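What follows is one structure encoded as C-alpha cells, with my remarks underneath.
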Amino acid sequence: MEKIIYLDHAATTPARPEVVEAMMPYFTEKFWNPSSVYSPAAEAKKAVNEVRDRIAGSLGTQSQDIYFTAGGSEADNWAIKETAEAYASKGKHIITSKIEHHAVLHTCQYLERNGYEVTYLDVDENGYIKLDQLKAAIRPDTILITVMFANNEIGTIQPVKEIGAIAKEHGVLFHTDAVQAYGQVPINVDEMNIDMLSASGHKLNGPKGIGFMYIRKGLKLRSFIHGGAQERKRRAGTENVTGIVGLGKAVEIAFETMEERTAKEQELRDYAVRRILAEIPYCRLNGGRDKRLPNNINISFQFIEGESLLIMLDMAGICASSGSACTSGSLDPSHVLLAIGLPHEIAHGSLRMTLGEETTKEDMDFVVEKLKEIVDKLRKMSPLYEDFVKKH
Amino acid sequence: MEKIIYLDHAATTPARPEVVEAMMPYFTEKFWNPSSVYSPAAEAKKAVNEVRDRIAGSLGTQSQDIYFTAGGSEADNWAIKETAEAYASKGKHIITSKIEHHAVLHTCQYLERNGYEVTYLDVDENGYIKLDQLKAAIRPDTILITVMFANNEIGTIQPVKEIGAIAKEHGVLFHTDAVQAYGQVPINVDEMNIDMLSASGHKLNGPKGIGFMYIRKGLKLRSFIHGGAQERKRRAGTENVTGIVGLGKAVEIAFETMEERTAKEQELRDYAVRRILAEIPYCRLNGGRDKRLPNNINISFQFIEGESLLIMLDMAGICASSGSACTSGSLDPSHVLLAIGLPHEIAHGSLRMTLGEETTKEDMDFVVEKLKEIVDKLRKMSPLYEDFVKKH
Amino acid sequence: MYSEKVMDHFEHPRNVGEIEGASGVGTVGNAKCGDIMRIYFDIDDNQIIQDVKFKTFGCGAAVATSSMATELVKGKSVQEALEVTNKAVMEALDGLPPVKVHCSLLAEEAIHAALWDYAQKNGIKIEGLEKPKSDIGEEEVEEEY
Ligand SMILES: Cc1ncc(COP(=O)(O)O)c(C=O)c1O
Ligand SMILES: Cc1ncc(COP(=O)(O)O)c(C=O)c1O
Ligand code: FES
Ligand code: FES
C-alpha cells in the first residue's frame, strides 16, 4: 500500500517504540501481581509507583493523588458519578459545557435521569465558555463544575485557571477532562485549582486501555469500581502493570519533548490552515484562535458533506475525521460544531485533522493539494453549491 | 537469583509469548482506533471482532453478546449495579454467596447502602452453596442471583447448572463471576442458563487490564461506563485493541490446551496434596473435593500464621499466597475460610498454592520438602503449638 | 465499511451534473441526516427517460446510491423507473451497512420527486405515483440501551 498520512492523533496515537520496549518485561517475566507479598512482586509494585510519581510530578502534585483507570471514559464517569453521590447531601446541581466529550455529557444525562440537575454552559463562536455565565450558573446546591481542558474536535483550550478560581471561590469542586490536553500543554493542578482531572494513555503515544485520574487529597470521593483494595482502596481490579509502565514511558517522553514538539506542530498547523483558507474558497476555521491545541485543525467546507470528504481523503491515503471517532457511524452532526453556532449543513461538512510529531511539511502540502481537488470534485456534484452559484 | 517456583496463578499469570507476539503489531503499526472511518482502521476493528467471535464460541453463544471490559472487577460491578438499576421496578433483592470475590461482595454492600437488600448464602464446609437455601431465599422481588463459578481461594466449583435452572424457573437473572473458571473448565452459557458472566484476561495467561462480560441478548442492562458509542453503545472508551488481541490469543490457547493442561495440573495438585496431608501433621485441605479447580491447593496448617509462612516460602523462592492478592495487606483472615467454618486462628494459618502449566513434579517435591521444614520451624516458635503439645 | 461496488460508484459516480431545461427535476432532503439529492430527467414523448443527471450532498452511500439509481433508470420508461426501489438499488450495489440503509431512500425519493415534477409540468398522471414529501424520514428503530 502507498504511504499513509495519519492526521487523526486526537482519535488515538501509535504507541512509541520506547513505550512498547518498556512494557515488554512486565508481560512475561515481571508479570507479578503488585499486591502479592512475595519479594519478586515488589518489582511490579515499584514500577507502578514510579509511574505514579512521574505523573504526579507532571501535574505538580503528590503521588498519592494519582489513581490508575482503564482510560479517559472511566475517569470521567468516576469523577462525575462519585462526586454526585458523595456530595448529594450538599446538593444535586452540576455545571458543565455543551461541548464536552460524550464521556462527560452522557454521564451528566445519566445523572439527570437520577434526580440531578445539570446546567450546560453555552460556548462562543470559537468554543470558549463564558466566565460570566459560569458564575451566574453557580447555586447554593451546585456541587461540581466539570469543564474540559481542551476540546477534542475544535482544539479550543478553556480558561481553566479562571474556572478553577471561580470554583474555589464558591466552594464548588472542579473536574476537568484533560484527555486531549495532558502531555500537550503544561498543567498544574494546584495553580489551576483543579480538584479532579482525567487523562488517557493512548492519546499521548502510550498504550490503549490505561488512563488515570487525579483526585485532590481530602475529597470524599469513593470507588466507582468496587472490589479489591488496589489503588488505596479506591479503584478495584488487578493493576494493569504493563499498561501503567507504558503510560509512564509515554508521559516521560511527552513532557521531555513537549516544548519542541508542540512548537513544530503548531507551525505546521498554522501553515496548513493558512494555505487552506487562502486556496479553497468558502471554508472557515473552527475553534479557538490563540488558545488552541497545537496539533488541531478543524475546517468547515461549505456545500460538501463530511463523510464523502473523508472517504476521498482515505482513497488518497490520508486519515482524518469529521468528529470524534467514537461517534462516527452516528448521523447527527457534531454537537460541538452546533454549539459554536454552525448551521446543520455546514457542521456536516467539516474536517478535523490532528497532527503528530511525525507529521511533515511535505505531508501537509500533499494534503492541501488533495483537499483542493476533492473539495472541487464534491462541490461539482453538490446541489447546494449549484443553488449557491446560480444565486450569485 | 535462584529459581523461582511460582504457585500463585490464581493471583495472576504470565502472558504467554504467543500472546505478546500477537499484540505487538497493534501497538505501533495497526494502532488505529477501531471506530475510525478510514480503511486502515478496519483492520483494528476486524481484529477486535475476531476475538469477540472466538470468545462467543468458547461459551456457546453469539458474538454480539460479548462486551470487552478492563477486567473482572469492572465486569462484576457492571453486571450487578446495572442489573440493580435496570430491574429496580421489579424489585430490589439480590442473592449472592458469602464466599464471593470482593468485586462482588463490595458491590453488593454498596447496593445495600443504596436501598437494596442482599441475601448472602451460606456455604458448607467445602464451600458449596446449598441449593435448598438458594430456592428458599428467592422472593417475588428478587432480581438477581450472583454466585461465582469457582472460588479463587479454595477452588470450589459451584453447581452452576443447577443454580441456572433454579434462576430460570423463578424468572430471576443469573450472573456468575467466572474469573477463575473461564479457560479452566468448560462453560456453556445456554446449557447452564447463565445470563451474565465475568472473566479477566490475566488469569489465563493473557494481558492485564482486559476482560469481558457476556450479557445474554435481550437483557435491559445499560452502560456502566457512559460515553462514546463503542461496544454497541454499552461500554464507552476507545477499545483496548492490543489487550483484546492478547486476550484472544490467550483464549485460543487456553481452550486448545484445556484438557491436557488441566489433567496434568490436577494430577500434580493431587500428588502434592496427598504428600502434604501424609507428611505434615495437623493440617487440612480446604475447599471442594470432586468439583474443584484443577490447579488449586488450599491447606490450613494448625498453630502457625500465614504471613510468616509466606515469607519463609518466599525466602526459599516459592511464590504462594494466603488469600486473594487484592486483600493481602489486610489483617483479617479470609472471609472465605471463615465461611466454610474454620476458626479464626486456623483460617489465619492457611496457604493457597495455584499451579500453572509450567509447574513440574520436581517443583512440587521441592515445595513439599520446604513446607515440612518451615511448618516445623514455625510451630517450634508457636505458643499455640506449645499449649497443644502440653495438653496432649 | 462499504462494498467494492459502492466504492466504485462513489469514486466514479455516473451521470453527475445538470440538465438545462429538464423535463422533470426533483430535490429531496433526508430528515434523518440532513443530506440532499437532486435528480434531473430528460424524458421524450414516449415517456422514455433519455437522459438523467444527479447532484448529491451526502455521504458515500448517498453518492453511490444516487449514481446507481441513475444507471438503473436511464433508458427506462417512466413506469419502469417507478419500480426502481431503494432495495433494488441496494441490491445492485451489493448491500449497504445497516446504518446506511436510510441513505438509499434518498435516491428512490428523488426519482419520485422528479417524476412528479414531470407529471405536473405535462399535466399527466403516472399510475402509482404519489406526491413526494420534500423531507423524508423513516421509522427504522436503532438498537438502544
Ligand atoms: C473470582 C474473582 N473475581 C474477580 C476478580 C477480579 O478480577 P480483576 O482483578 O481482573 O479485576 C478476581 C481476581 O482478582 C477473582 O479471582
Ligand atoms: C476529550 C476526551 N475525553 C474523553 C475521551 C475518552 O477517552 P478513552 O477513549 O480513553 O476512554 C476522549 C477520547 O476518546 C476525549 O477526546
Ligand atoms: S502481629 Fe502483625 S499482623 Fe498481627
Ligand atoms: S448519512 Fe445522510 S444520506 Fe447517508
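Just give me the residues in segment C:1-56 being charged (D, E, K, R), more than 9 Å from chain A (Cβ to nearest Cβ) and either touching a strand residue (DSSP E or B) at 6+ places or on another chain (Cβ under 8 Å) or assigned to a loop (DSSP other than H, G, I, E, B) (or both), in sequence order.
C:Arg14, C:Glu20, C:Asp42, C:Asp44, C:Asp45, C:Asp51, C:Lys53, listed by residue number.
Would you tally the residues in segment B:306-340 being in contact with a Pro (Cβ under 9 Å, 6 or more places away or on another chain), within 7 Å of another protein chain (Cβ to nearest Cβ) and modelled with pLDDT of 85 or more?
Qualifying residue count, segment B:306-340: 2.
Specify the residue that is least open to solvent (accessible area, probe 1.4 Å); the eligible residues are those in segment B:186-227 that are charged (D, E, K, R) and within 14 Å of another protein chain (Cβ to nearest Cβ).
The initial filter retains those residues of segment B:186-227 that are charged (D, E, K, R), namely B:190-191, B:195, B:203, B:208, B:216-217, B:220, B:222.
From what's left, within 14 Å of another protein chain (Cβ to nearest Cβ): B:203, B:208, B:216-217, B:220, B:222.
Working: B:Lys203: 44, B:Lys208: 19, B:Arg216: 57, B:Lys217: 134, B:Lys220: 111, B:Arg222: 100 Å².
Of everything passing the filter in segment B:186-227, B:Lys208 is least open to solvent (accessible area, probe 1.4 Å).
Of the residues in segment B:269-299, how many are under 17 Å from B:Val185 (Cα atoms) and open to solvent by less than 20 Å² (accessible area, probe 1.4 Å)?
Count: 9.
When residues of segment B:3-31 are filtered for being open to solvent by 20 Å² or more (accessible area, probe 1.4 Å), under 25 Å from A:Gly71 (Cβ atoms) and facing another protein chain (nearest Cβ under 7 Å), how many remain?
Looking only at that region, the number is 2.
Of the conditions (1) of a type in the set (Asp, Glu); (2) within 18 Å of B:Val51 (Cα to Cα); (3) more than 9 Å from chain A (Cβ to nearest Cβ), B:Glu259 fails just one. Which one is it?
B:Glu259 satisfies every listed condition except (2).
Within segment C:67-82, take every residue that is hydroxyl-bearing (Ser, Thr, Tyr) and in contact (Cβ under 8 Å) with a residue 40 or more places away in the chain and give me the one that is farthest from the other protein chains (Cβ to nearest Cβ).
Restricting to residues being hydroxyl-bearing (Ser, Thr, Tyr) and in contact (Cβ under 8 Å) with a residue 40 or more places away in the chain, the top hit is C:Thr70.
Inspect segment A:68-80 for any residue being more than 15 Å from ligand 2 (Cβ to nearest atom), under 25 Å from B:Glu239 (Cβ atoms) and not charged (D, E, K, R) and give the result as yes or no.
No, the conditions are met nowhere in segment A:68-80.
Give B:Ala86, B:Ala75, B:Ala70 a once-over and let me know the one that is open to solvent by 10 Å² or more (accessible area, probe 1.4 Å), more than 16 Å from ligand 3 (Cβ to nearest atom) and in contact with a Gly (Cβ under 9 Å, 6 or more places away or on another chain).
Working: B:Ala86 fails: in contact with a Gly (Cβ under 9 Å, 6 or more places away or on another chain); B:Ala75 fails: open to solvent by 10 Å² or more (accessible area, probe 1.4 Å).
Result: B:Ala70 is the single residue among B:Ala86, B:Ala75, B:Ala70 that is open to solvent by 10 Å² or more (accessible area, probe 1.4 Å), more than 16 Å from ligand 3 (Cβ to nearest atom) and in contact with a Gly (Cβ under 9 Å, 6 or more places away or on another chain).
Consider B:Arg269 carefully, then state whether it is outside the structural domain of B:Glu50 (by the TED database) and within 19 Å of the chain's Cα centre (by Cα).
yes
Looking at this structure, is B:Ala236 in the same structural domain as B:Arg54 (by the TED database), over 19 Å from A:Met23 (Cβ atoms) and within 16 Å of ligand 4 (Cβ to nearest atom)? Spell out the reasoning first.
Working: in the same structural domain as B:Arg54 (by the TED database): yes; over 19 Å from A:Met23 (Cβ atoms): yes; within 16 Å of ligand 4 (Cβ to nearest atom): no.
No: the conditions fail for B:Ala236.
Go through the residues of segment A:53-62 one by one and say whether even a single one is within 14 Å of chain B (Cβ to nearest Cβ) and assigned to a helix (DSSP H, G or I). Before the answer, list the steps.
Quick first cut of segment A:53-62, residues within 14 Å of chain B (Cβ to nearest Cβ) only: none.
For segment A:53-62, residues within 14 Å of chain B (Cβ to nearest Cβ) and assigned to a helix (DSSP H, G or I): absent.
State all residues of segment B:63-94 that are among the β-branched types (Val, Ile, Thr) and either over 20 Å from the mean Cα position of the chain (by Cα) or in a strand (DSSP E or B) (or both); if no residue qualifies, say none.
Result: B:Ile66, B:Thr69, B:Thr83, B:Ile94.
On the basis of being in contact (Cβ under 8 Å) with a residue 60 or more places away in the chain, more than 22 Å from C:Glu130 (Cα to Cα) and in a helix (DSSP H, G or I), does C:Ala64 make the cut?
Numbers: in contact (Cβ under 8 Å) with a residue 60 or more places away in the chain: yes; more than 22 Å from C:Glu130 (Cα to Cα): yes; in a helix (DSSP H, G or I): yes.
So C:Ala64 fits the description; yes.
Identify, please: which residue in segment B:133-152 is of a type in the set (Val, Ile, Thr) and more than 30 Å from B:Ser322 (Cβ to Cβ) and is, among those, surrounded by the fewest Cβ atoms within 10 Å (Cβ to Cβ)? Let's see the steps before the verdict.
First pass over segment B:133-152, keeping only residues of a type in the set (Val, Ile, Thr): B:138, B:142-143, B:145-147.
In the following step, the residues that additionally are more than 30 Å from B:Ser322 (Cβ to Cβ) were identified as B:138, B:142-143.
Numbers: B:Ile138: 18, B:Thr142: 22, B:Ile143: 21.
If we take residues in segment B:133-152 being of a type in the set (Val, Ile, Thr) and more than 30 Å from B:Ser322 (Cβ to Cβ), then B:Ile138 is surrounded by the fewest Cβ atoms within 10 Å (Cβ to Cβ).
Go through segment B:154-180 and count every residue that is touching a Leu at 6+ places or on another chain (Cβ under 7 Å), under 26 Å from B:Pro294 (Cα atoms) and surrounded by 18 or more Cβ atoms within 10 Å (Cβ to Cβ).
Qualifying residue count for the region: 7.
Just to check your reading of the model, which residue among A:Pro383, A:Pro343 is on the phi < 0 side of the Ramachandran plot and in contact with a Phe, Trp or Tyr (Cβ under 9 Å, 6 or more places away or on another chain)?
A:Pro383
What single numbered condition from (1) within 13 Å of chain B (Cβ to nearest Cβ); (2) open to solvent by 10 Å² or more (accessible area, probe 1.4 Å) fails to hold for A:Ile244?
Answer for A:Ile244: the failing condition is (2).
The values are calculated or read from the model by the stated rules, or taken from the named source; none is laboratory data. Worth saying up front: this structure is predicted, and the values here are computed from it rather than measured. Methodologically, a virtual Cβ is constructed for each residue, glycine included, from the backbone with ideal geometry; neighbour enumeration extends over all protein chains shown. Please note that ligands, DNA and RNA were not included when accessible areas were found on the heavy atoms of the full protein model with its side chains. Shrake-Rupley method; radii C 1.70, N 1.55, O 1.52, S 1.80 Å.
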